[in-house]
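A short reminder: the numbers here are calculations on the coordinates, not readings from a lab. Note that the structure is predicted; figures quoted are calculated from it, not measured. We place every Cβ from the backbone using ideal geometry, glycine too, and count neighbours over all the protein chains shown.
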Amino acid sequence: MNTEEIVELCKKHTLYTWSATGSVNPLPIDHAEGVYIYTTDGRKIIDFNSQLMSVNIGHSHPKVIAAMKKACDGLLYSYPGTATAVRARVSKLLAILLPDDINTFFFTLGGAEANENAVRAARAYTGKQKILVRYRSYHGGTNLCMQLTGDPRRWANEPGGPGVIRVMDPQPYNFSFGDNEEEITRRNLQYLEEVIMYEGASSIAAMMIETVTGTNGILAPPKGYLKGLKELLKRNNILLICDEVMCGLGRTGKMFAFEYGGIVPDIVTLAKGLTSSYVPLGAMGVSDAIADHFRENVFWGGLTYNSHPFALATAEAVLGVLLEEKMVENAAKMEGVMREEMDRLAKKHPSVKEGRAIGLFGMMDLQKNAKGEPLAPYNGSHPAMNALSKFFIDNGLFTFVRWASFMCNPPLCITEKELRFGFEIIDRGLEITDAAFEK
C-alpha cells in the first residue's frame, strides 16, 4: 500500500484516541531507529516525545530486538497461575531496582491496569474506599482511571464510580499557594489536611499522585512536598500510591522520580518505559506489609495476560540496556543541555513564557502577552499553536502540542548534538507564535 491508502484505511476502519476520527491527520510511520522515526513517504523525523513519553531506550535497539526474537522460540504464553523463569527473574530485578520495602509485583498490560489494581489493592488492604487524587493528574483511560484523572478528558466519561476525592495540586493552573517552594508546600499540605478532616481519614484508603505531573505540565513537586505528603498520609493511616508510569524508569534522571523526595511509596505503578513500549506491559509494586496481607488474604484481581512471558522477556532486555548503557545517567546529564536551550529560547522569543525540565522530562509554555496569559486557554486551542504543530512535523520534529504548551521528552539515549538539533527546529517554529504575541 502507498501512504495515501494506509492513511485512508486506518481512518476508515479504526478509531483514534481522544479524537473525532474524521478530523485526524495521522502520521504514516514505516519504521523507527534510535531517536528517529521514518514515514512511509521517506521523511526522517526526530522523535522529541519518545512517542507517548514511553520509548525510553530509543527505537529498535538491536539487543532488545535480538532478545525478543530469541523469546519467540521459547514460551510465548502461560496462564497467570503458572511460575516461569522470566517471571522470577524480572520480579527479582525490579525488587533490586526499587528501594527496600517494595519487593512484590503484579504485572499488567499497561499503566491504566496497574493503577486500577493499585486502587483495588489499597481498598482491600485498608478496608476503606475513598481515594484522593489531584486535578492536574492523568492516570489512564479505563473507567476507574478516568475518574482518578483530573484533566478534561474525564468530563465525557462521567459519571463514574463513587469514592474519588479530587484536590488542588501544589501548582494549580491559575493561582499559586505561595511565593516560594517552601511556602507552596506548607500551604498545600495544610489545605490537604483540612480536606482529609472533612472527608474523614477513617474512610480514605489512599492518595494517588503522579510523582512528577506529566501531560498536564511536567511539574516536579516543590521542595519538601513528597516527604511532607508521606508524613501527613501516614499520620492519618492513608496509603501513598506513586504513579510512575510516565516519570519512572529513568525519565527524570533518577530511576524513580520519588527518589528526589527521599521517600518510598506504599504502592508504585510502572509501564511505558518498562518495555520502552516495544510490547505492552505494566506493573504494580507493593510494600512488604501489603504483600504479606495478600499472602494470607485473596487478591481479588486477575488478568488473562498477567505476567505474560514474552512481555517480561522484553522488559528484561530493556532494563538491561537501560542499566548497561547508563541511560538514566544520560538523562540527568542532558537536563542541563535542555535547560540551557529552553533558557536561550525564552530570552529570544517573546511568546515563550517558560520552559521546565527534570531529566529528559520537559515542557515549554507559550504566552500571548507580557502579562503571561497562556496563548491558548485551558482545554482550548489557538491558530498559532495549530500552525506550530504543523511546522514541527513539516520540518522533521515530532512532539505533542497541547493547549499553550509543547512537550520535550526525547528518548533517554539522545546525544547532545541530537538534542540541540531538535531545539534548532523549535527555535525556527517559535517565529509563528511570536507573530501572535500581543505587543
Quiz prompt | Pairwise label distance in nanometres, Asn386 with Asn143, each label 7 Å out on the Cα-Cβ vector | solution = 3.5 nm
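Can you list, largest first and rounded to whole Å, the semi-axes you get for region 64-324 by taking the square root of 5 times each eigenvalue of its Cα gyration tensor?
Working: eigenvalues 195, 78, 58 Å².
The three semi-axes for region 64-324 are 31, 20, 17 Å.
Among 272-281, 215-224, 290-299, how do they line up by average Cβ neighbours within 10 Å per residue, starting with the highest? Let's see the in-between values first.
Values: 272-281: 25.3, 215-224: 20.6, 290-299: 13.5.
So the peptides 272-281, 215-224, 290-299, ranked by packing, come out 272-281, 215-224, 290-299.
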Quiz item: Among the lysines, which fall within straight-line cross-link reach of Lys227, defined as a Cα-Cα distance under 24 Å, with same-chain neighbours fewer than 8 residues apart omitted?
Solution: Lys128, Lys130, Lys254
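Which whole-number percent is the relative contact order of region 64-324 (Cα, under 8 Å, 6+ apart)? Don't skip to the answer; put the middle values down first.
Numbers: 478 pairs, mean separation 77.1, N = 261.
Once normalised by length, the contact order is 30 percent.
With runs of 4+ DSSP H residues as the only contributors, calculate the mean residue ellipticity of the chain at 222 nm using -39,500 (n - 2.57) per run, divided by the residue total and rounded to the nearest 500.
Values: 13 runs with 170 residues, N = 439.
Calculated at 222 nm, the ellipticity per residue is -12500 deg cm²/dmol.
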Self-check item: Residue-span extension gain [Thr84 to Lys69] - 0.36 nm each, minus C-alpha spacing
Solution: 3.6 nm
Quiz item: Given charges of +1 on the Cβ of Lys and Arg and -1 on the Cβ of Asp and Glu, with all other atoms neutral, how large is the dipole of the chain about its Cα centre, in debye to the nearest 20?
Solution: 320 debye
Self-check item: Val167 long-range amide H proximity, modeled H, under 5 Å
Solution: Val133, Arg134, Tyr135
Quiz item: How about Lys70: which aspartates and glutamates have a C-alpha closer than 18 Å to its C-alpha, ignoring those fewer than 8 places off in the same chain?
Solution: Glu316
Self-check item: Theoretical gain in end-to-end length, Ile6 to Val24 [0.36 nm per residue, Cα-Cα removed]
Solution: 5.1 nm
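How much net charge surrounds Lys11 when only other residues with a Cβ under 12 Å from its Cβ are counted (Lys, Arg +1; Asp, Glu -1)?
Details: positive: Lys12; negative: Glu4, Glu5, Glu8.
Surrounding charge for Lys11 is -2.
Taking a ≥ b ≥ c as the square roots of the Cα gyration tensor eigenvalues, with a/c under 1.5 meaning rounded and otherwise prolate when a/b beats b/c, else oblate, which class fits the chain?
Values: a/c = 1.62, a/b = 1.14, b/c = 1.42.
Because a/c hits 1.5 or more and a/b fails to exceed b/c, the chain counts as oblate.
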Quiz prompt | Using a Förster distance of 41 Å, the FRET efficiency for Arg187-Asp288 (Cβ separation, nearest 0.05) | solution = 0.75
Quiz item: So which of Lys333/Lys417; Lys272/Lys368; Lys44/Lys417 end up more than 23 Å apart by C-alpha?
Solution: Lys272/Lys368
Quiz item: Any idea how far apart Ile165 and Asp101 come out in nm if each label point goes 7 Å out from Cα toward Cβ?
Solution: 2.2 nm
Exercise. Given the options Cys145, Cys408, Cys72, state which has the largest fluctuation in a GNM of the chain using a 10 Å cut-off (strictly under) for Cα springs.
Key: Cys72
Quiz prompt | region 396-438 versus region 64-79: alpha-carbon centroid distance in Å | solution = 37 Å
Quiz prompt | Spin-label proximity, Lys439 to region 365-383 - amide N less than 16 Å from point 7 Å beyond Cα toward beta carbon | solution = 368-371
